[in-house]
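Any read-out appearing in this document is the output of simple, stated calculations on the displayed coordinates, not a laboratory observation. In this text the structure is predicted, and so the values were computed from the model without any measurement. As a convention, Cβ positions derive from the backbone with ideal geometry for all residues, glycine included, and neighbour counts pool all protein chains shown.
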């Protein structure tokens, strides 16, 4: 029966139809991909959870013209220390207000604590609270980074290199040997939320996932590959100098006097 011409013709037609169907599917998939690329819908879909006003405008978030560095830029960002600003690897950060900017609205966790001891007299129903001190606990920032082109890939490289750098002391042959990791400024959400808060980077982490695409970036002799999507978590410690703390006035703080014309960053 295998030598029957009619059977061979039917098999050939089935194979041709299967190949044609596969080509149609591939063309349809490519058409959808091209459409998403041309219309930036893919980028828009990832931004659906952003607050109003936080959506990325047309173009890459790394474009220098995006924001002018004025007070209207309320994105969460960490400043680049002056002695690191000339680094070639950190060059992309200079185009975003000389800061590491979280491109999408991140989760920010801030805790303020007033610490009290308890004095509990014998045969007493209620302890007496004795004030010890007040602290601002660790600030944790968790945000998403997406990479759609080589320029955003360069920004991803700059991001992780920046966090590596500001969490290290000047050691060995460093120009300022013996200096601890630098204090940087945290800004975000305007004047009365996070305004020039002095912090040091305590920890940071990111995960290179196996189920996302990677884009090659021409940095280094052999290039570097960065994930198209990743989550970055940074833990910051608010750090005020002894001289700054000695000049603190609660009256001035309550009236908002430390916000305008002052760079103390009190929280």
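Among 245, 217, the ranking by other beta carbons within 10 Å of each residue's beta carbon, starting with the fewest, stands as 245, 217.
Summed over all non-identical Cα pairs, the Kirkwood treatment of the stretch 57-254 gives a radius of 19.2 Å.
The order of 112, 123, 161, going from fewest to most other C-beta atoms within 10 Å of their C-beta, is 123, 112, 161. Spatial offset of the stretch 115-173 relative to the stretch 207-267 amounts to 10 Å, using the alpha carbon center of each.
Evaluated at q = 0.14 Å⁻¹, the base-10 log of the normalised Debye intensity for the stretch 215-265, with identical point scatterers placed on the Cα atoms, takes the values -0.61.
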